[in-house]
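Nothing in this text is a laboratory measurement; each read-out follows from the coordinates by a stated rule. What you see is a predicted model; the values in this text were computed from it and never measured. Don't worry about glycine lacking a Cβ; one is built from the backbone with ideal geometry, like all the others, and counts go over all protein chains shown.
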Amino acid sequence: MIFSLNFLYLLVGLLLGFVALLTALDRGHPRRLTSALFWGLYAALYLAGDFMAPAVAGALMIAMALLAGCGLVKPGKHGTLNEADRRASAARLGNRLFLPALVIPVVTVLGATVLKDVHIGEWALFDKAHLTLASLGLGALLALGAACWLTRASPLQGLREGRRLVDAMSWAVTLPHMLAVLGLLFTEAGVGKAVAEVTTSWFALDSRFAAVAMYCIGMALFTIIMGNGFAAFPVIAGGIGVPVLVGQYGADPAVMAAIGMFSAYCGTLMTPMAANFNIVPAALLELPDKNAVIKAQIPTALPLLAANIVLLYFLMNR
Amino acid sequence: MHTAVNLWPLLGVAVIAAGFLLRANPVLVVVAACAVTGAAAAMPVMHVLESLGAAFLKTRNLPLVLLLPLAAIGLLERFGLKEHAMASIAKIRSATSGRLLIVYLFLREISAAAGLTSLGGQPSMVRPLIAPLAEGAAEARNGSISDALRYRIRAMAAATDNVGLFFGEDIFVAFGAIVLMQTILRAEGIEVDPIRMALWGIPTAVCAFVIHSWNLRRLDAAIRREGEGK
């Protein structure tokens, strides 16, 4: 395979290593060495992760968390073109500027559909098990090439701009990763079982409506805690959905499952634990309030959760 | 009283809730929750460290979607991608931030429902194109906009991408969530046709579109109010 997961880890590892190097060389940086160390550790986990003992990787992760948590990771200063130059360049390049940006989604979709079986010589182009990610990797490289060709900038400049965006998100980049780790630890420690125990034994589910409401709200709440609907579904479907809704009230399992998963997604819209959807975009869009995206989503998520309860109540026994 | 299930690991959940309520640094909250959960489940320190490390290495695929496009997007931004997007939308007289985002919501939801979830995304679409377009439409209407409103428009652009993705992808039959639901239900002894699960997601998907579009209309109203207030 040419575009395998390991190749993508290598690319990201090199990007992060470059960020670390530039940070270390950035004399005007307010937290030069500790920031460089943070990005260097992250790069090492991508480049050398497969050769590390798990306990070492765990220790590196804790070290990164402490560096970020103690305010030792800061963005540097970045030389950008001033606004007049950017406007002039925008006027000169016009709509052609959109083309490289569209290369990423178009190549990703083509790769995952049309090109998925392409071989070059003996080698498959994409890793079948990670088709979308592999195609995204190819799309990102082609887009960088197209952008360099269009703007006559060097790929090195592209890496510098990449660092500017990584710096804009700063340590928030690693948050989805760390929360996923916590989710796995929760599973291993039996948090899911404990939640199911509490919801099913402490609450009365003696009316059809109460059971439906508890099921949908339970999905949302548990997703808010775990940050992931996929973690909530087995617990709440197993704890309330199957025994109570299907077993006691004769619900259609397909309706119970579909609307249950969507109730979990309402929770995803409202939780900082789903950092890659909620916290990272706030950082990426340079919003001062890290919870701004969640606040924008709550007026959609809450009415939708109520709609789910009503839909499930009326549709499950039709 | 004795229950067969150990309820102590819930302390880890309590740490997360307290941490976010106190607005502590999220990374520190995660580490504290890991420590408390490990202790509550009576796991030795080395074992916790090994679990964390193994999980961290296993989830390295998560940030790829975010990090891979950055070099190309950053380079285009340097040469005026945002400025060009804002100037382009200003030429369309009927464009408002809300209407533009409703169109994006529709396209995002439909394409995700067809399995094309990568036609969008926060780093590759929202930051370089959708957010500047939405901001540009508001600026073209009002002349200039306050920072508070600018941030609200950006946050709504990010929210629109999320809502479209979540409630579109789950009515695509081959999506992971459908496979997951089928697997879980099979383990419970229930056999369900994936197509029926996808179909029963449609009423919620329609509700999501209607409710979020209504919120986008409210965004337009807020932009209009600020424009008239000047």
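Within 10 Å of the Cβ of each residue in B:142-151, the mean number of Cβ atoms contributed by other protein chains is 1. Axis angle, to the nearest 10 degrees, between helix A:175-189 and the longest C-alpha principal axis of chain A: 40 degrees.
The magnitude of the dipole of the protein assembly as shown, with charges of +1 and -1 set on the Cβ of Lys/Arg and Asp/Glu and taken from the Cα centre, is near 1720 debye. Take each residue of peptide A:43-55, count the partner chain Cβ atoms within 10 Å of its Cβ, and average: the result is 3.
Please give the net charge around B:Leu68, taking every other residue with its beta carbon less than 15 angstrom from that of B:Leu68, where Lys and Arg add +1 and Asp and Glu add -1. Every neighbour counted, the sum reads +1.
For A:Arg32 and B:Ala14, what does the FRET efficiency come to when R0 = 41 Å and r is the distance between their Cβ atoms, rounded to the nearest 0.05? Once the sixth-power term is evaluated, E becomes 0.65.
If R0 is 22 Å, the Cβ-Cβ spacing of A:Trp149 and B:Asn61 corresponds to a FRET efficiency of close to 0.15. Segment A:126-147 and segment A:48-69 have Cα centres spaced 27 Å apart. Roughly how many Å is it from the Cα centre of segment A:213-262 to that of segment A:267-285, as a whole number? Their Cα centres are 23 Å away from one another.
Nearest 10 degrees is fine. How inclined is helix B:45-58 to the longest principal axis of chain B, computing both from alpha carbons? Roughly 40 degrees between the two axes.
The mean number of partner chain beta-carbon atoms within 10 angstrom of a residue's beta-carbon across peptide A:102-115 is 4. Across chain B, C-alpha contacts under 8 Å between residues 6 or more apart give a mean separation that, scaled by the residue count, equals a relative contact order of 19 percent. Helix B:176-187 and the longest principal axis of the C-alpha atoms of chain B enclose an angle of approximately 30°. A cut-off under 11 angstrom between Cβ atoms defines the neighbours of A:His177, and their net charge, with Lys, Arg +1 and Asp, Glu -1, is +2.
Here segment B:11-51 and segment B:104-120 have alpha carbon centers that stand 36 Å from each other.
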